[in-house]
Amino acid sequence: MYVTLSVIIAISVIAIIFLNQPSFGRLPRGERLERIQKSPNYHDGKFNNISPTQQITSNKSIVSTAFDFLFGKIDGLRPAKDLPVVKTDLKQLSRDEDLMLWLGHSSLFIRTNGKRFLLDPTLVSASPVSFVNKPFKGTDIYTPDDMPDIDYLIISHDHWDHLDYKTIKSLQNRIGKVICPLGVGEHFEYWGFGKDQIIELDWNEKELLEDGFMVYCLPARHFSGRGISANKTLWASYLLQTPSRNIYLSGDSGYDTHFSEIGKQFEIDLAVLENGQYSKDWKYIHMLPECLPKAAKDLNAKTIMTVHHSKYALGMHKWSEPLETISKAAEQNSLKLITPMIGEPVFLNDTTQIFGKWWKK
C-alpha cells in the first residue's frame, strides 16, 4: 500500500512539473478572461463551434481510438524515402515580388505588397516531447534561422502542430505583430511578447493592419488546447485582404456552413485549405476528402491550395492520399488547384505557373 501510494505521488509530481513547462503556455486570466466570457462563441465555460461538434464520432472508446491511432498499422502512413523539397533562401528574396512558400504541414510564408506574413510555423517540434510527431524524412529543411524578419505572425489556434513554442521563442525578436484568436494572446504574453504586439480577435472581428491591409477573423470547426484543458482559447480561419488580393486561410476545420457564408461575404483569390490528418473517427474536426471539394466550391475561390499534409503522420491514412484525392477531385469539379513542393515558390502574380505531381515520384 505504501509503495503504491508513493508511486502515485511520484507520477503526480512528475505530471505537474511536466505540464507547468513554459511551452504549455498559460490559460487566459484577468481582462482577457473577462473579454472571453462576453464572447457570443463562449458559453458553459468554453468556446463552441457553430454546429454541435463531437471530437470523437466512432462507437469506440477514447482509449480504443487512441490505441488504434498509436499502434494501428496503415500501409504507406509514412513515405519510404525522402520527399522532394526545395530550399529557397528567404532572406535573399526581394520584397518587390509577391510570393508564397509552403514550409510543410500548415506553415506558410507569404510576401505580398512588401509585407511578410508567417502562418502557423512549426519549424522545430510539433509536440511537447521530441520523440512524438517526427517529421517525414527530408521535410524539416526549414528552421527558425532561415526566416527573415516577419511583419505579421498569424496563428490559427494553439495546438502544438500550429503553435510551436521553440519556433516562436527563436523568432521572437524578428516578429512585428502577432495575429491570433481570442485567448491565444495569453500564451504570447506569458512568453514575453508585449501587449502592443498582439492583435487578438474573436470570430467576425476585423483589424486594419496598415494602409491597404485588413485581416478578418472568421469561424472554423475545430477545438483548442495545449494541456489538459480544452477549448479555453478560440480557433479560427482568416481572410487576409491586401492591396492586390484576398487570401483565405482555413486553419484546421471540419466542413460546416461557415464556408458558404465566407464565400458569400468575400471575393477570394486564393484559398489555403486543410487537407490531411483526417479520420472517420474524428470526422467533424478535420476535413474529410469528400468534403474538401464542397468547401472549395462554397468559397468560390479562384485558386485553391491544400496544407496539413506531407510532413507528419497525425491521421489514419496513407501519407500521399490527401494530394491524390484532391487532385482527382479538382479535375472532376473544375477547381484550379496548385500543388507546390515544400519550399517551392508560388509566384502570386503568375496565374500560369505549373506544379508537378511530386508525390508520385
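The values are calculated or read from the model by the stated rules, or taken from the named source; none is laboratory data. What you see is a predicted model; the values in this text were computed from it and never measured. Cβ atoms come from the backbone with ideal geometry, glycine included; neighbour counts cover every protein chain shown. Quick note on the areas: whole protein, heavy atoms, side chains included, nothing else; ligands and nucleic acids left out. Shrake-Rupley method; radii C 1.70, N 1.55, O 1.52, S 1.80 Å.
What to note about this one:
- With every protein chain in place, the chain: carbon and sulfur % of accessible area (1.4 Å): 53 percent
- Using the Cβ of ASP82 as centre and a radius below 12 Å, the other residues enclosed give a net charge of +3, where K and R count +1 and D and E count -1.
- Over the chain, relative contact order from alpha-carbon pairs under 8 Å, at least 6 apart, %: 20 percent
- Summed residue charge, Cβ within 14 Å of SER244's Cβ, Lys/Arg positive, Asp/Glu negative: -2
- Of all DSSP beta bridges in segment 159-287, antiparallel share, percent nearest 5: 65 percent
- With a cut-off of 13 Å on the backbone N, the residues of segment 288-327 near the modelled label site 7 Å out from ASP75 along Cα-Cβ are 318-319.
- For segment 147-161, the residues whose amide N sits under 17 Å from a probe point set 7 Å from the Cα of ALA230 along the beta carbon direction are 157-161.
- Test item: Cα-centred dipole of segment 136-284, Lys/Arg +1 and Asp/Glu -1 on Cβ, debye: 420 debye
- Cβ-Cβ FRET estimate between PHE355 and VAL124, R0 fixed at 25 Å, reported to 0.05: 0.35
- Å² of accessible area per residue within the chain, as computed with a 1.4 Å probe and no ligands counted: 46 Å²
- FRET E, pair ASP211, ASN48, Förster distance 25 Å, beta-carbon r, rounded to 0.05: 0.10
- Global geometry of segment 75-193, whether rounded, prolate or oblate, following the gyration tensor of its Cα atoms and the 1.5 cut on a/c: oblate
- Cut-off under 5 Å, modelled amide H: who pairs with ILE268 long-range: LYS302
- Annotation: amide H-H contacts under 5 Å for GLU205 (H modelled 1.01 Å from N, sequence separation of 5 or more, or interchain): CYS217.
- Packing order of peptides 134-145, 171-182, highest average first: 171-182, 134-145 (average count of other Cβ atoms within 10 Å over each peptide's residues).
- Cα gyration tensor, segment 140-226 - rounded (a/c under 1.5), prolate or oblate: oblate
- Cα gyration tensor, the chain - rounded (a/c under 1.5), prolate or oblate: rounded
- Largest GNM mean-square fluctuation among LYS169, LYS195, LYS60, using the chain with Cα springs under 10 Å: LYS60.
- Other-chain or far-sequence residues with amide H under 5 Å of GLY104's (modelled H): GLY343
- Net charge contributed by nearby residues that have their C-beta within less than 9 Å of ASP68 (K/R +1, D/E -1): 0
- Over 19 Å (Cα to Cα) - which of LYS264/LYS294; LYS87/LYS169; LYS81/LYS318 fall in this group: LYS87/LYS169
- Beta bridges by DSSP in the chain, antiparallel share as percent, to the nearest 5: 60 percent
- Estimated vicinal HN-Hα couplings, Hz - segment 36-44 in sequence order (Karplus 6.51, -1.76, 1.60; Gly, Pro = x): 4, 5, 8, 5, x, 9, 10, 7, 6
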